[in-house]
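J.: Pasting in a structure now, in structure tokens, and then I'll have a few things to ask.
The values are calculated or read from the model by the stated rules, or taken from the named source; none is laboratory data. Given the structure is predicted, the values throughout are model-derived calculations rather than measurements. When we count neighbours, we look across all protein chains shown, and the Cβ atoms used for this are built from the backbone with ideal geometry, even at glycine. Please note that ligands, DNA and RNA were not included when accessible areas were found on the heavy atoms of the full protein model with its side chains. Shrake-Rupley method; radii C 1.70, N 1.55, O 1.52, S 1.80 Å.
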Amino acid sequence: MKILVTNDDGIFAQGLWTLVKQLKSIARVIVVAPDREQSAIGTAVTLRQPLRVQRVRPMVSGVETYSVEGTPADSVILALGKLVKNKIDLVISGINQGPNLGDDVLISGTVGAALQGYLRGFPALAISVNSVDSLCLANAAKLAALLAKKIESNALPTNIFLNVNLPNLPLAKIKGVKITRLASGSHTDTATEGNNGKWGYYWLVRQKINKDTDEGTDIWAIEQGNISITPLHANLPRKPSPSIPDSLFPDLLRELQQC
Ligand code: MN
């Protein structure tokens, strides 16, 4: 089995290398990851500047490793399009330092990288731990390896795209594993103002909102001390959007012609 590993916390992140060390016992691992932290960069793809890639010394020996001067999504596109010669069986993004729950998946660089794998027809998973410090990374690394084995043995649907979050707890305190749906809130980003004495500036900050803690959501599962596994997909064209009554726009073309 050959696994591509990337992340959005940057190529030196402890989460990435804890994951790589674990995966190395079950697979050939190749790392292609951003050269710096790119959290909350979402699905961003660099189209207007060249991308520098460097083969770098791995932090786990024997792992082919590339550092990309770009986003997590860029890293996966480059890996699958140019850098990886043989067939990849799975793309894993993480282990992210901090949760990726609810609506946050839409701006998550961790999920954005996994999405690029999924869109190209590869099984993909994003994996995150719900804390920003003193991370219990070992559980997440072991879980990623277990899921990889299940994907290898076709125990899961083929073109699967999973968003996995773990509570930051020792294994004995984790209650269970829940298959969840995305909650409708998680954080909200707002602008604050500051002044350094010379000039004013704005600073964007995240506020936790955890709006939707209904049973069955990813936020609910994590808050109850469970591992949350959310199957994601990108088939928006096949899902109905909320309907807008035709009667709202009877004269739209006429109005357009008049402006
Ligand atoms: Mn991150």
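J.: If SER184 satisfies every condition in (1) assigned to a loop (DSSP other than H, G, I, E, B); (2) open to solvent by 70 Å² or more (accessible area, probe 1.4 Å) but one, which is the exception?
T.: Only one criterion in (1) assigned to a loop (DSSP other than H, G, I, E, B); (2) open to solvent by 70 Å² or more (accessible area, probe 1.4 Å) is unmet by SER184, namely (2).
J.: Further question on the same structure: Without any contact (Cβ under 8 Å) to a residue 40 or more places away in the chain, surrounded by fewer than 10 Cβ atoms within 10 Å (Cβ to Cβ), in contact with a strand residue (DSSP E or B) (Cβ under 8 Å, 6 or more places away or on another chain) and of a type outside the set (Gly, Ala, Ser): is that true of GLN207 in this structure?
T.: Against the criterion (without any contact (Cβ under 8 Å) to a residue 40 or more places away in the chain, surrounded by fewer than 10 Cβ atoms within 10 Å (Cβ to Cβ), in contact with a strand residue (DSSP E or B) (Cβ under 8 Å, 6 or more places away or on another chain) and of a type outside the set (Gly, Ala, Ser)), GLN207 qualifies.
J.: For the stretch 33-45, what are the residues that are within 16 Å of the ligand (Cβ to nearest atom) and either part of a helix (DSSP H, G or I) or closer than 23 Å to LYS85 by Cβ (or both)?
T.: ALA33, PRO34, ASP35
J.: Give the residue that is most open to solvent (accessible area, probe 1.4 Å), with candidates limited to residues of the stretch 87-109 that are away from the ligand (no atom under 16 Å from the Cβ), under 22 Å from THR18 (Cα atoms) and part of a loop (DSSP other than H, G, I, E, B).
T.: ASP89
J.: Looking at (1) touching a helix residue (DSSP H, G or I) at 6+ places or on another chain (Cβ under 9 Å); (2) within 15 Å of the ligand (Cβ to nearest atom), which is the one condition that is false for ILE30?
T.: Among (1) touching a helix residue (DSSP H, G or I) at 6+ places or on another chain (Cβ under 9 Å); (2) within 15 Å of the ligand (Cβ to nearest atom), the lone unmet condition for ILE30 is (2).
J.: Going through the stretch 110-126 one residue at a time, which ones are assigned to a strand (DSSP E or B) and either in contact with a His (Cβ under 9 Å, 6 or more places away or on another chain) or away from the ligand (no atom under 11 Å from the Cβ) (or both)?
T.: Across the stretch 110-126, the qualifying residues are ALA124, LEU125.
J.: A follow-up question, please. Could you list all residues from the stretch 1-14 that are buried (at least 23 other Cβ atoms within 10 Å of the Cβ) and either among the polar types (S, T, N, Q) or within 13 Å of the ligand (Cβ to nearest atom) (or both)?
T.: THR6, ASN7, ASP8, ASP9, ILE11
J.: Answer yes or no as to whether LEU146 is open to solvent by 20 Å² or more (accessible area, probe 1.4 Å), more than 16 Å from the ligand (Cβ to nearest atom), over 13 Å from the mean Cα position of the chain (by Cα) and touching a residue at least 40 places away in the same chain (Cβ under 8 Å).
T.: No.
J.: Here's a follow-up. Given the residues LYS178, LYS211, which is the only one that is assigned to a loop (DSSP other than H, G, I, E, B) and of a type in the set (Lys, Arg)?
T.: Within the list LYS178, LYS211, the selection yields LYS211.
J.: While we're on this one: So in the stretch 46-59, with the set limited to residues that are loosely packed, with under 11 Cβ neighbours inside 10 Å and either in a helix (DSSP H, G or I) or not charged (D, E, K, R) (or both), which one is nearest to the chain's Cα centre (by Cα)?
T.: The selected residue is LEU47.
J.: For the condition in a helix (DSSP H, G or I) and open to solvent by 20 Å² or more (accessible area, probe 1.4 Å), what is the one hit in GLY81, GLY62?
T.: GLY81
J.: Follow-up. Which of the residues spanning the stretch 192-213 are modelled with pLDDT of 95 or more and of a type in the set (Val, Ile, Thr)?
T.: Result: THR192, single match.
J.: I would also like to ask the following. What number of residues within the stretch 61-86 are among the hydrophobic types (A, V, I, L, M, F, W, C), free of Cβ contacts under 8 Å to residues at least 60 places away in the same chain and away from the ligand (no atom under 16 Å from the Cβ)?
T.: Summing the residues that are among the hydrophobic types (A, V, I, L, M, F, W, C), free of Cβ contacts under 8 Å to residues at least 60 places away in the same chain and away from the ligand (no atom under 16 Å from the Cβ) in the stretch 61-86 gives 4.
J.: Considering only residues that are within 18 Å of the chain's Cα centre (by Cα) and outside any strand (DSSP E or B), which ones fall in the stretch 152-165?
T.: Answer for the stretch 152-165, where residues must be within 18 Å of the chain's Cα centre (by Cα) and outside any strand (DSSP E or B): ASN159, ILE160.
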